[in-house]
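Report on the following structure.
The values are calculated or read from the model by the stated rules, or taken from the named source; none is laboratory data. Since the structure is predicted, the reported quantities are computational estimates derived from the model, not experimental observations. Every residue, glycine as well, gets a Cβ built from its backbone with ideal geometry; the counts of neighbours run over all protein chains shown.
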């Protein structure tokens, strides 16, 4: 399996590790926008350069530090980083499961001897899926749909992880989140889609990594620029920039014209989830995600789309 890595922007020194997610320092938080290739192991934390006021009378005499003290400090720093790495692996594995379950699908024919897997009009393997993304939004249960909806929820988590207290923490959690996706995607390629050759799977994984980078850029721009831009990004990634419903090409009785309210529902859903995760403390984020309290379309998202904006009744000018 291929492994892809991230490189966030520079930030403050690494805080001490907790048993769940690292705590944010104070009320201020930094956000990391850029992600690029690097190693998955965080670099050693630099000593703080802040000036601390001291009483000269109580200042101890200058003595050369012993090699033993340097070794002890080095071991303590490495142990702290190792603890966070294992903590991040367990936490992101649980959170990724919540992401990938949103659009989970099965292909029963893939495990049957001589079974013929049905295809979409575009030639994709068609599976069986449950949940609002398939039932209410009318998306097709394919690998492409699963990957894009999983990316969407991974993106929502990534935005929240950007508020962690250091770039090392953000890089560690982001790397493990992407690693979990790569493992799951490769497993689906093998079990459901018959890709037994590693070279073919690696090529698809590289393409998926490029798509993930595009998702980060497109949704970031949408969050900053407004709902219209965010909706366009959602439409391009999830609905493949199609002006017809996904089921229209496969079912002649399905409505053909794209229902743009569905795009608006997803945009509102993203805004709601980001707001809820933003209010959650770092140590409570994992429980919020895996407890089925953060993810999942609900009536509130549909009701928001049906609400008439107050600006619609205001005169122009």
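Among residues of the range 204-219 that are on the phi < 0 side of the Ramachandran plot and at pLDDT 95 or above, none has a Cβ under 8 angstrom from a residue that is assigned to a helix (DSSP H, G or I) and exposed (fewer than 14 other Cβ atoms within 10 Å of the Cβ) at a sequence gap of 6+ or on a separate chain.
Could you say whether any residue in the range 142-165 is buried (at least 20 other Cβ atoms within 10 Å of the Cβ), closer than 30 Å to residue 256 by Cβ and free of Cβ contacts under 8 Å to residues at least 40 places away in the same chain? Taking every residue of the range 142-165 in turn, at least one turns out to be buried (at least 20 other Cβ atoms within 10 Å of the Cβ), closer than 30 Å to residue 256 by Cβ and free of Cβ contacts under 8 Å to residues at least 40 places away in the same chain. Test residue 89 against the stated conditions and say whether it is more than 27 Å from residue 269 (Cβ to Cβ) and either part of a strand (DSSP E or B) or at pLDDT below 95 (or both). For residue 89, the condition - more than 27 Å from residue 269 (Cβ to Cβ) and either part of a strand (DSSP E or B) or at pLDDT below 95 (or both) - is met. Among the numbered conditions (1) surrounded by fewer than 22 Cβ atoms within 10 Å (Cβ to Cβ); (2) touching a residue at least 12 places away in the same chain (Cβ under 8 Å), the only one that residue 173 does not meet is (1).
Among the residues making up the range 125-134, those that are outside any strand (DSSP E or B) and surrounded by 16 or more Cβ atoms within 10 Å (Cβ to Cβ) are 126, 127, 131, 132, 133, 134.
Quick grid of which residues meet (1) at pLDDT 95 or above; (2) assigned to a helix (DSSP H, G or I); (3) out of contact with any helix residue (DSSP H, G or I) (no Cβ under 9 Å at 6 or more places or on another chain); (4) at positive phi:
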residue	(1), (2), (3), (4)
117	no, no, no, no
152	yes, yes, no, no
155	yes, yes, no, no
159	yes, yes, no, no
165	no, no, no, no
169	no, yes, no, no
172	no, yes, no, no
180	yes, yes, no, no
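Listed by first and then second residue, the pairs with beta-carbon distance under 8 Å, at least 6 apart or on different chains, first residue in the range 239-258 and on the phi > 0 side of the Ramachandran plot and at pLDDT 90 or above, second outside any loop (DSSP other than H, G, I, E, B) and surrounded by 12 or more Cβ atoms within 10 Å (Cβ to Cβ), are 240/144; 241/235.
Name the residues in the range 275-297 that are farther than 19 Å from residue 91 by Cβ and either free of Cβ contacts under 8 Å to residues at least 24 places away in the same chain or in a helix (DSSP H, G or I) (or both), would you? Hit for the range 275-297 is 275, nothing else. Per the listing 144, 80, 40, 66, the residue uniquely modelled with pLDDT of 90 or more and either over 23 Å from the mean Cα position of the chain (by Cα) or within 25 Å of residue 179 (Cα to Cα) (or both) is 144. Any residue at all in the range 92-101 that is closer than 30 Å to residue 256 by Cα and touching a helix residue (DSSP H, G or I) at 6+ places or on another chain (Cβ under 8 Å)? Yes; the residues of the range 92-101 include at least one that is closer than 30 Å to residue 256 by Cα and touching a helix residue (DSSP H, G or I) at 6+ places or on another chain (Cβ under 8 Å).
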